[in-house]
Amino acid sequence: ALAAPAICLAHAAPIVSGALAVAAAACGARYVYLLAKTLKAAVFGPLLMASMSRVAVNRDLTSEEFFRVDGAPEDVAAKREKAFRALEAAWKAKWAKSDETRKYLRKHFSDLRFKASGFESIHPIFQKVLNDALDPIGIVASTKGNELTDVEGYKFLDVSGSYGVNCFGYEKFKEFLKAGEDYAHKLGPCLGPMHPVVKENIEMLLKIFRKEEVSFHMSGTEAVMSAVYQARFHSQRRLTAVFQGTYHGWWDGVMQGAGNDRFASDCIILKDQSLDSLELIRARANEFACVIVNPISGFGWKNATTSKLGHAKVTAGEECIEKYRIWLQKVRETCTQNNVTLIYDEVWAFQLGVGGAQDLYGVDADLLVMGKSLGGGHATGCVLGPSRLMERRDPHRPIRVNYVIGTFKGNPMVMGSMNAVLKYVQTPEAAQSFQSLKDRVAAWVKSCNETLSKKNLPISVAGYRSTWCICYHQPSAYQFLFQYYLRNEGLQLVWAGTSKMLFNLEFTDEEFRRLTDILVKAATAFQADGWWWEGGKPVSLMPYVLMPTLKYHCAALFGGSPAS
């Protein structure tokens, strides 16, 4: 009785095994295909850098090596050292009054100590000699227009942009802050109940950016997290795509490179402006929840950093914006066709104009993340989007929720200042100011570069609207030092150095002329002091990184002291 089924099974076994083999082969082929697409489109440099940061050991340059690391002859090295020591002595005398405050902040304010170390603009091998000699921390007393006055009374022209916040100018922000204070005096920290100003703000935001709903947060980083969470929640997919060289806050879910000590397996870094990246999004569409774009990177300042030893070519300016417009249209089309949420990280709110990237490029995002200047001088963040992506509950499964909330989402002081910002940006005065800044920056870039060229100085400037950077045309291992020469001439920069600088709506024609003078004076001195020596050789990291790394780990492996 059992023989017949057994015979049937015996006859079916080859068919089943054959079918399984075909299915396995198909799955394997699909896996190889997706792997090939991923390897072609993804960028592994940041991942490698993050991994190397756990292993690599750095040896600081000695004082003697600092001036000769590019193979400079003794006369050039001596000239550099003389100028460097003169700058060191001048700074110590100039800012003696604030020395105690700076030292205290370095010791007890970890964020500032990290930023002031030069991590964003100086290669690690140079940092110790430089930080021991020159302290760029400013102790400010007041601002008037675009001029900072420090506690010693020295004045600086500010092009830092306050990390992207100062879009409108200090005097306008003082008005916004006063408006927030008026609400705070009436309400105190009243959280939970909402003042009518919140409704007003939401109405203005939805009108300006053409969305249906908004959520408020404490910072741009938090708002980016919220947008990604929402995209994942509604798509039930896990992957996020970001593009190489973009920054979306310090959340380790999207941060690239050595700053992220955790491997984010659910975030893929793609080549920027590459068709291979779009092919990968199509091929793995059922895995991607969202694609995040930082629209201000269309300016082209990605390679302007001075933290690397190589000499990268920088192509930045209006022509890059036009090229990026075409790229964004392709990203938008790809996301729409594959039901992938497109997120604009516009935390640097209003730097691209009143309507932001959507109006500048003519391409709308699904979710829009904002922050910085939106708060009118207060910390804030917000996400704007359609109801289908902003809803925190699954309409079919009520227990399934996306718990994204915030204690200070209706803070009266922040809402009051935000209200003043949103009312202002919709005025004819604001529209005229944004257009005027765009035109004046274009004129300044042209005139400044003509001046720099006439002086035979190996730098130029690139700018569009509020964004600008310095482009270096003479290869040098010491480009990072130029920001210190600029500070010495009275220019206030942010910690990214000369790679990311910002104007604001209050910048005057006189201040543009003053900026050109500062650039010329600093560059003339920098050139005369030998830092742009034409015979400079590429710096080898063999003696400063590779050998110290091998020595450290061999000592640890064989029981010696790694410190020795």
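The values are calculated or read from the model by the stated rules, or taken from the named source; none is laboratory data. Given the structure is predicted, the values throughout are model-derived calculations rather than measurements. All Cβ positions, even for glycine, are placed from backbone atoms using ideal geometry, and neighbour counts span all protein chains on display. When the accessible area is computed, the model is the full protein with side chains, heavy atoms only, and any ligands, DNA or RNA have been set aside. Shrake-Rupley method; radii C 1.70, N 1.55, O 1.52, S 1.80 Å.
In the condition set (1) in a helix (DSSP H, G or I); (2) open to solvent by less than 70 Å² (accessible area, probe 1.4 Å); (3) aromatic (F, W, Y), Y552 is compliant with all but (2).
Go through the residues of segment 156-174 one by one and say whether even a single one is open to solvent by 20 Å² or more (accessible area, probe 1.4 Å), more than 30 Å from G406 (Cα to Cα), at pLDDT 95 or above and of a type in the set (K, R). No, the conditions are met nowhere in segment 156-174.
Listed conditions (1) over 28 Å from R284 (Cα atoms); (2) in contact with a strand residue (DSSP E or B) (Cβ under 9 Å, 6 or more places away or on another chain) are all met by T221, apart from (1). Among the residues examined, V214 qualifies as in contact with a strand residue (DSSP E or B) (Cβ under 9 Å, 6 or more places away or on another chain), open to solvent by 10 Å² or more (accessible area, probe 1.4 Å) and not charged (D, E, K, R). Number of residues in segment 405-433 that are of a type in the set (A, V, I, L, M, F, W, C) and open to solvent by less than 20 Å² (accessible area, probe 1.4 Å): the value is 7.
Taken over segment 308-337, the criterion of being under 26 Å from V494 (Cα atoms) and in a helix (DSSP H, G or I) is satisfied by E318, E319, C320, I321, Y324. Scanning for something aliphatic (A, V, I, L, M), over 27 Å from I470 (Cβ atoms) and surrounded by fewer than 13 Cβ atoms within 10 Å (Cβ to Cβ), does segment 99-118 turn up at least one residue? Checked against the condition, which is being aliphatic (A, V, I, L, M), over 27 Å from I470 (Cβ atoms) and surrounded by fewer than 13 Cβ atoms within 10 Å (Cβ to Cβ), segment 99-118 yields no hits at all. For the residues G245, G220, G253, the requirement of being among the small types (G, A, S), in contact (Cβ under 8 Å) with a residue 24 or more places away in the chain and on the phi > 0 side of the Ramachandran plot singles out G245.
Working only within segment 339-370, note down all residues that are part of a helix (DSSP H, G or I), touching an Asp or Glu at 6+ places or on another chain (Cβ under 7 Å) and free of Cβ contacts under 8 Å to residues at least 60 places away in the same chain. Correct list: empty. The number of residues in segment 291-323 being under 14 Å from the mean Cα position of the chain (by Cα) and not polar (S, T, N, Q) comes to 10.
Listed here are the residues, each with its yes/no results for (1) in contact with a His (Cβ under 6 Å, 6 or more places away or on another chain); (2) of a type outside the set (A, V, I, L, M); (3) at negative phi.
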position	(1), (2), (3)
E506	no, yes, yes
E510	no, yes, yes
R514	no, yes, yes
D517	no, yes, yes
V520	no, no, yes
Q527	no, yes, yes
G530	no, yes, no
M547	no, no, yes
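Restricting attention to segment 339-362, the residues that are hydrophobic (A, V, I, L, M, F, W, C) and open to solvent by less than 10 Å² (accessible area, probe 1.4 Å) total 6.
Could you list all residues from segment 483-493 that are in a loop (DSSP other than H, G, I, E, B) and open to solvent by 20 Å² or more (accessible area, probe 1.4 Å)?
E489, L493 - these are the residues of segment 483-493 that are in a loop (DSSP other than H, G, I, E, B) and open to solvent by 20 Å² or more (accessible area, probe 1.4 Å).
Going through segment 72-95 one residue at a time, which ones are small (G, A, S) and either in contact with a Phe, Trp or Tyr (Cβ under 9 Å, 6 or more places away or on another chain) or at pLDDT below 95 (or both)? Correct list: A72, A77, A78, A83. Just one of the numbered conditions (1) in a helix (DSSP H, G or I); (2) touching a helix residue (DSSP H, G or I) at 6+ places or on another chain (Cβ under 9 Å); (3) loosely packed, with under 12 Cβ neighbours inside 10 Å is not true of V55: (1).
Is segment 458-476 home to any residue that is open to solvent by 70 Å² or more (accessible area, probe 1.4 Å), under 22 Å from G300 (Cα atoms) and either charged (D, E, K, R) or at pLDDT 90 or above (or both)?
Yes.
State whether the residues of segment 404-414 include one that is in a helix (DSSP H, G or I) and among the small types (G, A, S). Looking for residues that are in a helix (DSSP H, G or I) and among the small types (G, A, S), one finds none in segment 404-414, hence no. Can you confirm whether T336 is open to solvent by 40 Å² or more (accessible area, probe 1.4 Å) and in contact (Cβ under 8 Å) with a residue 12 or more places away in the chain? No. Considering segment 223-277, the residues that are among the hydroxyl-bearing types (S, T, Y) and open to solvent by less than 40 Å² (accessible area, probe 1.4 Å) include one that is modelled with the lowest pLDDT, namely T246.
All told, G28 falls short of being at pLDDT 75 or above, over 25 Å from C267 (Cβ atoms) and more than 45 Å from the chain's Cα centre (by Cα). Across segment 364-377, the number of residues qualifying as more than 23 Å from W251 (Cβ to Cβ) and open to solvent by 10 Å² or more (accessible area, probe 1.4 Å) comes to 2. Put simply, of K302, K313, K308 the only residue that is at pLDDT below 95, within 25 Å of M225 (Cβ to Cβ) and open to solvent by 20 Å² or more (accessible area, probe 1.4 Å) is K302. Of all residues in segment 145-164, those satisfying the criterion of being part of a loop (DSSP other than H, G, I, E, B) and closer than 30 Å to M370 by Cβ are G145, N146, V159, S160.
Listed by first and then second residue, the pairs with beta-carbon distance under 9 Å, at least 6 apart or on different chains, first residue in segment 103-128 and modelled with pLDDT of 90 or more, second acidic (D, E) and assigned to a helix (DSSP H, G or I), are I125/E65.
Checked against (1) in contact (Cβ under 8 Å) with a residue 40 or more places away in the chain; (2) open to solvent by 10 Å² or more (accessible area, probe 1.4 Å), F480 meets all criteria but (2). Listed by first and then second residue, the pairs with beta-carbon distance under 8 Å, at least 6 apart or on different chains, first residue in segment 78-98 and more than 19 Å from F480 (Cα to Cα), second of a type in the set (V, I, T) and open to solvent by 40 Å² or more (accessible area, probe 1.4 Å), are K97/V151; S98/V151.
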